Structure formats: structure tokens, C-alpha cells
1. For the subset of segment 40-88 comprising residues that are part of a strand (DSSP E or B) and modelled with pLDDT under 80, which member is farthest from C131 (Cα to Cα)?
2. Considering only residues that are in contact (Cβ under 8 Å) with a residue 24 or more places away in the chain and charged (D, E, K, R), which ones fall in segment 107-149?
3. Could you list all residues from segment 116-126 that are among the aliphatic types (A, V, I, L, M) and either over 13 Å from the mean Cα position of the chain (by Cα) or modelled with pLDDT of 95 or more (or both)?
4. Mind checking whether some residue in segment 129-137 is at pLDDT below 75, assigned to a strand (DSSP E or B) and out of contact with any His (no Cβ under 7 Å at 6 or more places or on another chain)?
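The values are calculated or read from the model by the stated rules, or taken from the named source; none is laboratory data. Quick caveat, the model's predicted, so the values are computed rather than measured. For neighbour counting, all protein chains shown are included, and Cβ atoms are generated from backbone atoms with ideal geometry for every residue, glycine included.
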Amino acid sequence: MINVRMGVGRHLHLPGVRSLTTAMEPEKELCIERPAIYVGLTAGRGRGVFAARAYAPGEEIEVCPVIVCGGAEAATLLDRTELFNYYFAWGEGDDGCAIALGFGSLYNHSYRPNADHVRNFAAGTVMVTACRPIAAGEEITINYMGEIDCRDPVWFEMREKA
């Protein structure tokens, strides 16, 4: 939770931000609300992102700002680190790379994902939306290869068949 203190009578209007106090109080305290998701452990895959409530198809789960790390040279350097497993291909030719903030770089891969992700290069974000109903407590997965029905091989061993 992020709290921002502001002076009396000052208002900040940001999407996803609501006041936690009444107009009678001398200071405004604001909170950026997180979507109803959390990080937990998943069998055989380490950490994953889970739904804390049910999501309907098409419903936005999270919009993640990204840190663009650069072009092909940066990707080559990151490929030699643990970040290799956490960055998104970035840019019109997919030759760059970016780290998604929020929980964006922690969604696990599935060939039968329950969520889709869209990279917005201009906005510098990755948006995750439900592509089928997701139950509370269910792990939220995306297809790392882009399209939700893509069966191209991934760079790691999969327990699930393509």
C-alpha cells in the first residue's frame, strides 16, 4: 500500500487512487489500491500470481508499468543473469527487453492460460486480463509466447504438454 500525504484542500486525482479520509480531516491520505491478486508458491514452479477473488473473462487483472532495459545488447546481458526468466521482449521488433513491475514478471506460463497479456510500448505497460473465468485462489497464468493459443516451444522444460 502506498500512502501519499497532501496539504489541506489539495486534491490528487489518479486512476486507481481513492481518499481514505473525509473532507473534514486536516490532511488527505491517499492509497493506491492493488488489484485482488497475491503472490504465492505453486507446486514445481516456485512463485506465481493468484486471484484473491473471482475474475470474469475480459476483466482487467493488473496494469504493470515496465522498466525498459534497452535493445538487443541489454537482452544479451540480461540473458546471463537470473533476470533472463523475468523480462519481456520489448519494442516493435521484440529485440529489446523490459522488466514489468507490480506482479507482472511473476506470472507463470501455461499453454492453457486463464489470462492474456498485452504489451503497450507507447504507454510502457503490460496489461493482464482474464481470458476465461478465474476462481478465487486459482493461479493466474499467461502464455509467454504472446498469443494465448500459441504452442511454440518455450526455453525451459514444461511439465504441461503443448
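1. Initial filter on segment 40-88 (part of a strand (DSSP E or B)): 40-42, 46-51, 55, 60-70, 87-88.
Applying the additional criterion that residues be modelled with pLDDT under 80 yields 70, 87-88.
Details: G70: 30, Y87: 22, F88: 20 Å.
Applying the filter and picking the extreme gives G70.
2. Scanning segment 107-149 gives R112, D116, R119, R132, E138, E139.
3. Going through segment 116-126, the residues among the aliphatic types (A, V, I, L, M) turn out to be 118, 122-123, 126.
Listed by number, the residues that qualify are A122, A123.
4. First, pick out the residues of segment 129-137 that are at pLDDT below 75: none.
Scanning segment 129-137 turns up no residue that is at pLDDT below 75, assigned to a strand (DSSP E or B) and out of contact with any His (no Cβ under 7 Å at 6 or more places or on another chain).
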